[in-house]
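The values are calculated or read from the model by the stated rules, or taken from the named source; none is laboratory data. Remember, predicted model here, so these are calculated numbers, not experimental data. As a convention, Cβ positions derive from the backbone with ideal geometry for all residues, glycine included, and neighbour counts pool all protein chains shown.
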Amino acid sequence: MKVGLFVPCYVDQFYPGAAIASLQLLQKLGVDVHYPLNQTCCGQPMANSGFEHLTLGCNALFLKNFQAFDYIVSPSGSCVLHLKEHLEVPAAEQASLQMRHKIYELTEFLTDILKLEHLDASFPFRVGLHLGCHGQRGLGLAQMSEKVAPFFSKPLKLLNMIRDIQLVELDRPDECCGFGGTFCVAEEAVSVKMGKDRVADHQRQGADYITSTDMSCLMHLEGILKRNKSHIRVLHIAEILNHKDK
Amino acid sequence: MNHSELARDFNKDEQRVDWHDETLFWIRNKRDKAAQAIPEWEQLRESASAIKDNVLSGLHNYLLEFESNALRNGIKIHWAQDAAEHNLIVHSILKASGIRQMIKSKSMLTEECGLNAYLEKRDIEVIDTDLGERIVQLAKEPPSHIVLPCIHKKKEEIGTLFHEHLGTRKGESDPLVLTAAARENLRAAFLSRRAALTGVNFAVAETGEFVVCTNEGNADMGAHLAQVHIASMGLEKIIPKRAHLGIFLRLLTRSATGQPITTYSSHFQKPREGQQMHLIIVDNGRSAQLGKPDFRNSLKCIRCGACMNTCPVYRRSGGHSYQHAIAGPIGAILAPNLDMEQHADLPFASTLCGSCTHVCPVKINIHEQLYKWRQEIVKKTGVPAAKEMSMKLMKNALSDPALYRLAGKTGRFLLKYAPFTINNHFNPWYQQREMPQAPETSFRSWYLKHQK
């Protein structure tokens, strides 16, 4: 099983720690994981702004970079959802549509493909899980509160394997954080208010950390936390799953 | 002003935003509890969706079936192509009976058509009898929510309004007292008006009857006392059989407010002796929407408002920021069909979180349609040159790995050594948020150093 690691552009540039943790975690679990060096972006920033027609170059590049792999794994529910719904290369239609089925968000790859039951990691802190909407509702990483259906949560299942972690329960388990791509600047006032409310929920529960399957949500929340000089920190879920006591 | 600017204004009073958000989220929670009590909830949604799909596929035949049955029942049927025609028909019905005063129970369609303003210009007085509608009418404001028209108003503000218009005690804000005052005031109108207009929630093709759902009984009182009953309906309100009501009535109010059913679900089948019953079937862009494969299933909407209550953006921007009779996520996919340029801001007033799609009792893929409207709007109405330029630059950088790496490096360099170029008031991110800290290297550089 050959796995290609897709590192979203902003994670590559601003949060290499999340990508390093993802890579090391997969390696630790014995996965034959590779990082194609010429990757850039999934194309979502353009597409969600109404410029899907400008994503052809990104799509072609993605197909080229990841054609050789059995699975493509990425530490971002949002980028993965975009690729699964929109990856299409007109010159190689069949191949690009088939590739959609091979793309996995990291936590779903760990639970559904690797069928992970144990993890050797510890994280002795109070942690709140912010479920990115695209991962949760789009990919189905966890049951959503809107539906009348049995509860499950792939990210929580993994976090529960961590020693000494204290998971806090949020008042609104799956409220959007307000990042929303270009929404965060186009609708600055509402975006920030949503982020502040999301932060306040974690604060009420006494969280030390906010974690998520999406670094983009965390980037937005971190911006608000830092501006307000909060002691709460953000960490991508891969960094917790890969965390060992020093 | 566009949605973003109006939402910024709304957010100037943060406590008010909190109150608005919490009130609506409380209703969303009530909806959850009501839905969770029905084990077959998802099956009900699926059935409702399938019935509505069937209706949209055979709309032409269902409308004709409905019309012939309704005519047989003695209902006078009118067809209106657009808002102007609808208003003209209402006016001509009133004129024919020499009526200058009309009472109205809640009808979002008449809001969509701008009926009140149209009739007022022709010296016909309209009194809205739904309490929430009455409040916004007295305040000279449009409703901010399709089910809870005055949800943006606090009870103290309503007290002031009633003191001014209905003579309640100054400072009185007890909802019971205010409701009683409205009731007394409206009672006189009910007894004296000869015409009543109602909306329509469902029109049953097989029987030619229509069903109006209210909590206050005002539609019934109006229609039962008036000599002329006019009902206005969008042409998508058809359901094939009376038996289907069992599905829709169970879904409608649970989704809207968490109640098991509306207090009154009134069936109107034929006029009483001496009464005129008119039904106006309105298109106003609906058949155009039906012709758009990506957007047609928005016509399944039964106007429960669940998507508004759950929408994290609506809750924090208020209904008026949408500048359309129907606000929130559903409004944002319906409005561009009527005028894409005028409502070009609405599909962007969303994070595409998808909550709307999953509370929707008839399973409209609202967030996917928002995404699709964005593509349409960019292609057909054009966007500001600066936005287009930035998107093209982004495209170039993200299609070319070398250029991407250069851009990334430059960005991180600037953040680190010249943060003032980014952290300034031209950058909307920076107004209330810190920029991420620039790391020493990108992941790629780390990988080349440590893993290759």
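Among the residues of the range B:238-260, the ones that are within 25 Å of B:N73 (Cβ to Cβ) and in a loop (DSSP other than H, G, I, E, B) come to 2 in all. Quick one: would you say A:K193 is away from every other protein chain (no Cβ under 11 Å) and either buried (at least 21 other Cβ atoms within 10 Å of the Cβ) or within 27 Å of A:H243 (Cβ to Cβ) (or both)? Considered against the rule, which asks whether it is away from every other protein chain (no Cβ under 11 Å) and either buried (at least 21 other Cβ atoms within 10 Å of the Cβ) or within 27 Å of A:H243 (Cβ to Cβ) (or both), A:K193 comes out as no.
Each residue in the range B:413-445 was checked for being farther than 20 Å from A:I224 by Cβ, at pLDDT below 85 and part of a helix (DSSP H, G or I), and 6 of them qualify. Can we say A:G206 is touching a residue at least 24 places away in the same chain (Cβ under 8 Å), facing chain B (nearest Cβ under 8 Å) and not hydrophobic (A, V, I, L, M, F, W, C)? Judged against the criteria, A:G206 is not a match. Name the single residue that is nearest to B:E341 (Cα to Cα) among those in the range B:19-51 being in a helix (DSSP H, G or I) and within 8 Å of chain A (Cβ to nearest Cβ). Taking the candidates together, the pick is B:D21. Counting only residues that are more than 7 Å from every other protein chain (Cβ to nearest Cβ), part of a helix (DSSP H, G or I) and surrounded by 12 or more Cβ atoms within 10 Å (Cβ to Cβ), the range B:393-412 holds 8 of them. Quick check: anything in the range A:121-137 part of a loop (DSSP other than H, G, I, E, B) and within 14 Å of another protein chain (Cβ to nearest Cβ)? The answer is yes, given that some residue of the range A:121-137 is part of a loop (DSSP other than H, G, I, E, B) and within 14 Å of another protein chain (Cβ to nearest Cβ). A search for C-beta distances below 8 Å between a residue of the range B:1-12 that is facing chain A (nearest Cβ under 7 Å) and more than 13 Å from B:R315 (Cα to Cα) and any residue that is surrounded by fewer than 21 Cβ atoms within 10 Å (Cβ to Cβ) and of a type in the set (A, V, I, L, M), counting only pairs 6+ apart in sequence or on different chains, returns B:S4/A:A186. Of all the listed residues (A:R137, A:R204, A:R227), the sole one being basic (K, R), modelled with pLDDT of 95 or more and crowded, with 18+ Cβ neighbours inside 10 Å is A:R137. In the range A:8-16 there is no residue matching the filter, namely being of a type in the set (V, I, T), in a strand (DSSP E or B) and crowded, with 19+ Cβ neighbours inside 10 Å. When the range A:141-151 is filtered for residues that are away from chain B (no Cβ under 11 Å) and under 22 Å from A:E85 (Cβ atoms), the ones remaining, listed by number, are A:L141, A:A142. For A:M144, the criteria (1) more than 26 Å from A:D171 (Cβ to Cβ); (2) not in a helix (DSSP H, G or I) hold in every case but one, which is (1). Only one entry of B:N87, B:N54 meets the criterion of being in a helix (DSSP H, G or I), surrounded by fewer than 20 Cβ atoms within 10 Å (Cβ to Cβ) and among the polar types (S, T, N, Q), and that entry is B:N54.
In a residue-by-residue description of the range B:336-343, the property of being more than 9 Å from every other protein chain (Cβ to nearest Cβ), in a loop (DSSP other than H, G, I, E, B) and of a type in the set (D, E, K, R) applies to at least one position.
Yes/no matrix, rows are residues, columns are (1) free of Cβ contacts under 8 Å to residues at least 24 places away in the same chain; (2) acidic (D, E):
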{"position": "B:G319", "(1), (2)": "no, no"}
{"position": "B:A327", "(1), (2)": "no, no"}
{"position": "B:A332", "(1), (2)": "no, no"}
{"position": "B:D345", "(1), (2)": "no, yes"}
{"position": "B:C353", "(1), (2)": "no, no"}
{"position": "B:H358", "(1), (2)": "yes, no"}
{"position": "B:K363", "(1), (2)": "no, no"}
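Filtering the range A:13-63 to residues that are without any contact (Cβ under 8 Å) to a residue 12 or more places away in the chain and more than 7 Å from chain B (Cβ to nearest Cβ) leaves A:Q27, A:G30, A:H53. The helices (runs of 4 or more DSSP H) falling completely within the range A:176-246 that include 1 or more residues that are closer than 19 Å to B:E434 by Cβ and over 13 Å from the mean Cα position of the chain (by Cα) map to A:183-186, A:188-204, A:215-227. Of all residues in the range B:1-42, those satisfying the criterion of being surrounded by fewer than 13 Cβ atoms within 10 Å (Cβ to Cβ) and among the basic types (K, R) are B:K12, B:K33. Apart from one condition, B:E273 fits all of (1) closer than 15 Å to B:M108 by Cβ; (2) without any contact (Cβ under 8 Å) to a residue 24 or more places away in the chain; the exception is (1).
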